[in-house]
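J.: Below you will find the structure I want to go over with you.
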Amino acid sequence: MLGDIITPDLFASAFRMATPLALAAIGGTICERSGVVNIALEGIMLTGAFFGTAAVLATGSPWFGVLMAMVAGVVISAIHAFASVNLKADQVVSGTAINLLALGVTGFLMERWYGHPGTTDPIKTLGPILRLTAEGGGFLGEVWRWVNGIFLTHTPIVYITVLIAIFAQWAIYNTRWGLRLRAMGEHPRAVDTVGVNVYRGRWVAVLMSGALAGLAGANLTIEQVGSFTENMTNGRGFIALAANIFGRWTALGSYGASLLFGLADGLQIKLQILRDVIRIPPQFFLMLPYVLTVVVLAGVIGRAVAPAAVGEPYEKKG
Amino acid sequence: MPVLELREITKVFPGVIANERVSLELEKGEIVALLGENGAGKTTLMNVVYGLLSADGGEILMDGEPAKIKSPRQAIDHGIGMVHQHFMLVEPLTVTENIVLGREPGRLGVIDFKIARERVIEISQRYGLKIDPDARIEDLSVGMQQRVEILKALFQGARVLILDEPTAVLTPQEVRELFGVVRSLVDEGLSVVFITHKLEEVMAVADRIVVMRDGRVVGETRPEDTDEIGLARMMVGRDVVLRVEKPVSTCGDTVLEVSDLHADDERGLEAVKGVSFSVCGGEVVAVAGVSGNGQTELVDCIVGLRRPTGGTMHLKGKDITHASARSSIEAGVSHIPEDRHRRGLVLEFDLAENLILGDHRTPPYSTRGLLHPKAVTTMARKRIDDYDVRTPSEKVIASNLSGGNQQKLVVAREIGRDPELLVAAQPTRGLDVGAIEFVHRQILDERAEGKAVLLVSLELEEVLSLADRILVMYEGRIVREFTADEADEETLGYYMTGGGGVKLDDDARQAGPIESGGDA
């Protein structure tokens, strides 16, 4: 039975499931490193998913859909940036408002544009880049089957995400932008006193998180599902936030944590298929990623230290 | 030609004129001390120079040219650096990262950390400021962090360096080192503005002294033309008694009786190890000691904020060993806590609300659980008046007062309650001479009224000038008792640091089993 569960397919699905989480989590990392809490990831992802789908339905081009998903993410995250940076609003309240807004707007436009609630028509999706055959016998053939199955069967955004994680990790620790980003989330006044504009830095960070969460939405619809369903993000934005914390506010850590959540998700699907054999109600498996989130946030990983100034609006003096 | 010249700078905050037509000149290679009480407008003035605040009038000249400084970036570009009282360092980042922040060397946005590190080392060697460029700020001592701040300003190309109350957080050793650093900076051609309210520092380090009071420059002098008393007079605007005179104590009935008191600290380690003493009416008893020798825990026990693990305490014969903070107040104990921000005041409350704390259940201020705002306001106005708290009204939020006025507010509440016993823990910490004199006078007034005063202080000068009897506390025990005329700073210092053959056998025995348990 174990052989039915532990298959190349399981690990491949871990990568697939991890992708939207990782994108949003890296967005969260960038945003929180700048000192702005972003619990709006969920809503931004949903917005990206919807507008991405709408763009594909309108033009027939999946890549245009991906672009529009990111643009939509940036636009809606601008609300969060304006509220938390300029208006100095409570960032949790602003984020919650955006989550509710996203749910409402996508549901409303769904009815307006397509005449019915629920799910849109199927769209043209982005398929796997490589389609290699997994034939051959013997030990080498088996190894090839696993490598191909796990790593080489994915859609473009899955690979783009890996590159983004590596690049973001490098950039946060090696570039001017990264140093200033890390500093402004810890001690914004220190950054201000050396002549760096904290407001602008935070704006950029929030918009970047919007673009990444929008891309996550595109991955969900244009690569994975092939249509948009109301509230289809289903808490992924919050799991991404947990992955960011689990990954200790680093891009690669976020990716690693997302992989773990992705694996839990993949396992859950596998176990559901095998539910007749193991006789456990499928609801328990559905809980798996969420239980993992709670366990992680309850501090199993030890105390994670957030950026010191996260959630605090920065106010210039008189 | 002066490097930096300020012409008639004016800065107005809502309701307050922080700077009124202030002019100042700074020559190349000069150390100017900007002296004044807390709230005199020194920091505001320098924040204007550094571009953190924008002036409402006047102009700034660098090398004789008018300089437009609207942001720190422009100040830096003009060669002005500032070391703030609260450091502007990012704790989890390294020394190098902090120093280059905002001016990172590199190409295409990628930081060249090798060059950055080399430049930091180069500057640190040139000015003799040794530092580990790879250390994290959070791992450095306060003195070292200040050194990073100075290096940061130098890295940014500062020719004029503003030091805002740089010694407030330093140990005496570190202060001496800082003075050395400042002199070597000036030898290298920099100019320094040194903001302080401490007279002896001004005398030690400044070439020229500019004194501010109530937002205006009230005088200018040189160390060789004046002395501390003269400076204090300029600063406060009247004669200041640096050392108070007091009549001989007339010891009345015993007010506080502590016997064999034991107490633990937050970590559960015994911090007070069997302390016995008494304080009588009309007497000031001081507990002297280096910070962290059990004074805090002792005070907490007496005012009902900590439960003793052994021993007894009596107030006028009444057992208060297990009294809560509330019943301790009701029994007649007042407490000036050592940390006025965390324990003395609710900073977000207005002055009247702060003044009623602790009396908020007592008529006439409240009956049957309801406050009577009129009675509270009347009381607040009277206290603010009696204790000279400088404020436009009792409706002002406490955090808007200067440190000295905040402390006066705490004193007003605690002494205004007319207690039997006043417990004053470091009542003058961070205050300037005028405010210190005021607090000292209040404490001695209590003594003259026949009240008992227990003073806990790290300042030996304060202990010596106020106390009738001095208890030296070391490692949770009272190791020596002096009358006021027996003691001097040297003797006290000797016993405070464990001199005089203090027996610590008990500790050794207690520690023994734990250690062997750990080995096994």
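J.: Criterion first (surrounded by fewer than 22 Cβ atoms within 10 Å (Cβ to Cβ), at pLDDT below 90 and either within 15 Å of B:ILE436 (Cα to Cα) or in contact with a Ser or Thr (Cβ under 8 Å, 6 or more places away or on another chain) (or both)) does B:VAL202 satisfy it?
T.: Answer is no for this residue.
J.: So, one more: Taking the range B:78-116, which residues are more than 7 Å from chain A (Cβ to nearest Cβ), in contact with a strand residue (DSSP E or B) (Cβ under 9 Å, 6 or more places away or on another chain), surrounded by 15 or more Cβ atoms within 10 Å (Cβ to Cβ) and in a helix (DSSP H, G or I)?
T.: Scanning the range B:78-116 gives B:VAL95, B:VAL100, B:PHE113, B:ALA116.
J.: Mind telling me which of the residues B:ILE320, B:ILE356 ends up being in contact with a His (Cβ under 7 Å, 6 or more places away or on another chain), free of Cβ contacts under 8 Å to residues at least 60 places away in the same chain and of a type in the set (Val, Ile, Thr)?
T.: B:ILE320
J.: Taking B:ILE356 as the residue in question, decide whether it is in the same structural domain as B:ASP260 (by TED's automatic domain parsing) and among the β-branched types (Val, Ile, Thr).
T.: no
J.: Looking for something within 29 Å of the chain's Cα centre (by Cα), among the β-branched types (Val, Ile, Thr), away from chain A (no Cβ under 11 Å) and outside any helix (DSSP H, G or I) - is there at least one such residue anywhere in the range B:53-71?
T.: no
J.: From the set of residues in the range B:39-52 that are closer than 20 Å to B:GLY102 by Cβ and at the interface with another protein chain (Cβ under 10 Å from one of its Cβ atoms), which is farthest from the chain's Cα centre (by Cα)?
T.: B:GLY51
J.: Condition check: touching a residue at least 40 places away in the same chain (Cβ under 8 Å), within 30 Å of B:GLY81 (Cα to Cα) and more than 14 Å from chain B (Cβ to nearest Cβ). Does A:ALA251 satisfy that?
T.: no
J.: From the list A:GLY35, A:GLY28, which residue is over 17 Å from A:MET232 (Cα atoms) and in a loop (DSSP other than H, G, I, E, B)?
T.: Exactly one residue qualifies, and that residue is A:GLY35.
J.: Sticking with this one: Select from the range B:237-265 the residues that are at pLDDT below 80 and either acidic (Asp, Glu) or not in a loop (DSSP other than H, G, I, E, B) (or both) and write down the one among them that is farthest from B:ALA323 (Cα to Cα).
T.: This residue is B:ASP239.
J.: What are the pairs with Cβ atoms under 6 angstrom where one residue, in the range A:161-187, is more than 7 Å from chain B (Cβ to nearest Cβ) and the other, located anywhere, is among the hydroxyl-bearing types (Ser, Thr, Tyr)? Sequence gap at least six, or different chains.
T.: A:THR161/A:THR19; A:ALA165/A:TYR255; A:LEU181/A:SER34; A:MET184/A:SER34; A:GLY185/A:SER34
Matching residues to (1) buried (at least 20 other Cβ atoms within 10 Å of the Cβ); (2) within 26 Å of A:GLY104 (Cβ to Cβ):
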site: A:GLU223; (1), (2): yes, yes
site: A:MET232; (1), (2): yes, yes
site: A:GLY235; (1), (2): no, yes
site: A:PHE261; (1), (2): yes, no
site: A:PHE284; (1), (2): no, no
site: A:ALA298; (1), (2): no, no
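Okay, residues lined up against (1) touching a residue at least 24 places away in the same chain (Cβ under 8 Å); (2) in contact with a helix residue (DSSP H, G or I) (Cβ under 9 Å, 6 or more places away or on another chain); (3) of a type outside the set (D, E, K, R); (4) on the phi < 0 side of the Ramachandran plot:
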site	(1), (2), (3), (4)
A:VAL75	yes, yes, yes, yes
A:PHE82	no, yes, yes, yes
A:ASN86	yes, yes, yes, yes
A:ALA89	yes, yes, yes, yes
A:GLY104	no, no, yes, yes
A:PHE108	no, no, yes, yes
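J.: For the range B:3-26, state whether one or more residues are touching a Leu at 6+ places or on another chain (Cβ under 9 Å), part of a loop (DSSP other than H, G, I, E, B) and at pLDDT 90 or above.
T.: There is at least one residue in the range B:3-26 that is touching a Leu at 6+ places or on another chain (Cβ under 9 Å), part of a loop (DSSP other than H, G, I, E, B) and at pLDDT 90 or above.
J.: Let me ask something additional. Go through (1) more than 30 Å from B:LEU93 (Cα to Cα); (2) within 25 Å of the chain's Cα centre (by Cα) and name the single condition B:GLU224 misses.
T.: Single failed check for B:GLU224: (2).
J.: Please go through the range A:92-118 and give me each residue that is surrounded by 15 or more Cβ atoms within 10 Å (Cβ to Cβ) and outside any helix (DSSP H, G or I), ordered by number.
T.: Passing the criteria: none in range.
Here's the yes/no breakdown for (1) surrounded by fewer than 19 Cβ atoms within 10 Å (Cβ to Cβ); (2) over 20 Å from the mean Cα position of the chain (by Cα); (3) in the same structural domain as B:ARG119 (by TED's automatic domain parsing):
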| site | (1), (2), (3) |
| --- | --- |
| B:VAL148 | no, yes, yes |
| B:LEU154 | no, yes, yes |
| B:ALA158 | no, yes, yes |
| B:GLU165 | no, no, yes |
| B:THR171 | yes, no, yes |
| B:ARG176 | yes, no, yes |
| B:PHE179 | yes, no, yes |
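J.: Here are the criteria: (1) within 22 Å of B:VAL287 (Cβ to Cβ); (2) surrounded by fewer than 22 Cβ atoms within 10 Å (Cβ to Cβ); (3) of a type in the set (Ser, Thr, Tyr). Tell me which single one B:SER324 does not satisfy.
T.: (1)
J.: Looking only at the range B:117-135, count how many residues are of a type outside the set (A, V, I, L, M), outside any loop (DSSP other than H, G, I, E, B) and free of Cβ contacts under 8 Å to residues at least 40 places away in the same chain.
T.: 6
J.: Still on this structure: Taking the range A:1-40, which residues are closer than 19 Å to A:ALA306 by Cβ and of a type outside the set (A, V, I, L, M)?
T.: Result: A:GLY27, A:GLY28, A:THR29, A:CYS31, A:GLU32, A:ARG33, A:SER34, A:GLY35, A:ASN38.
J.: Any residue in the range A:72-83 that is closer than 30 Å to A:LYS316 by Cβ, crowded, with 23+ Cβ neighbours inside 10 Å and over 20 Å from the mean Cα position of the chain (by Cα)?
T.: No, that holds for no residue.
J.: Let me ask another. Could we say that B:MET144 is within 10 Å of another protein chain (Cβ to nearest Cβ) and in contact (Cβ under 8 Å) with a residue 12 or more places away in the chain here?
T.: no
J.: Hey, among B:GLY29, B:GLY36, which residue is touching a strand residue (DSSP E or B) at 6+ places or on another chain (Cβ under 7 Å), more than 14 Å from chain A (Cβ to nearest Cβ) and surrounded by 23 or more Cβ atoms within 10 Å (Cβ to Cβ)?
T.: Step by step, each of B:GLY29, B:GLY36 is checked, and only B:GLY36 is touching a strand residue (DSSP E or B) at 6+ places or on another chain (Cβ under 7 Å), more than 14 Å from chain A (Cβ to nearest Cβ) and surrounded by 23 or more Cβ atoms within 10 Å (Cβ to Cβ).
J.: So how many residues does the range A:188-211 have that are within 11 Å of another protein chain (Cβ to nearest Cβ), in contact (Cβ under 8 Å) with a residue 60 or more places away in the chain and either surrounded by fewer than 21 Cβ atoms within 10 Å (Cβ to Cβ) or among the aromatic types (Phe, Trp, Tyr) (or both)?
T.: Looking only at that region, the number is 1.
J.: For the range A:126-141, name all the residues that are surrounded by 10 or more Cβ atoms within 10 Å (Cβ to Cβ) and in a loop (DSSP other than H, G, I, E, B). Spell out how you get there, then give the answer.
T.: Taking the range A:126-141 first, the residues surrounded by 10 or more Cβ atoms within 10 Å (Cβ to Cβ) are A:126-130, A:132, A:134, A:136, A:141.
A:LEU126, A:GLY127, A:PRO128, A:ILE129, A:LEU130, A:LEU132, A:ALA134, A:GLY136 - these are the residues of the range A:126-141 that are surrounded by 10 or more Cβ atoms within 10 Å (Cβ to Cβ) and in a loop (DSSP other than H, G, I, E, B).
J.: Which one of A:LEU215, A:LEU181, A:LEU163, A:LEU207 is modelled with pLDDT of 95 or more, within 11 Å of A:THR29 (Cα to Cα) and not aromatic (Phe, Trp, Tyr)?
T.: Step by step, each of A:LEU215, A:LEU181, A:LEU163, A:LEU207 is checked, and only A:LEU181 is modelled with pLDDT of 95 or more, within 11 Å of A:THR29 (Cα to Cα) and not aromatic (Phe, Trp, Tyr).
J.: Within the range B:16-38, which residues are among the small types (Gly, Ala, Ser) and over 26 Å from the mean Cα position of the chain (by Cα)?
T.: Once the filter is applied, which keeps residues that are among the small types (Gly, Ala, Ser) and over 26 Å from the mean Cα position of the chain (by Cα), the range B:16-38 yields B:SER23, B:GLY29.
The values are calculated or read from the model by the stated rules, or taken from the named source; none is laboratory data. No experiment lies behind these values; they were computed from the predicted model shown. As a convention, Cβ positions derive from the backbone with ideal geometry for all residues, glycine included, and neighbour counts pool all protein chains shown.
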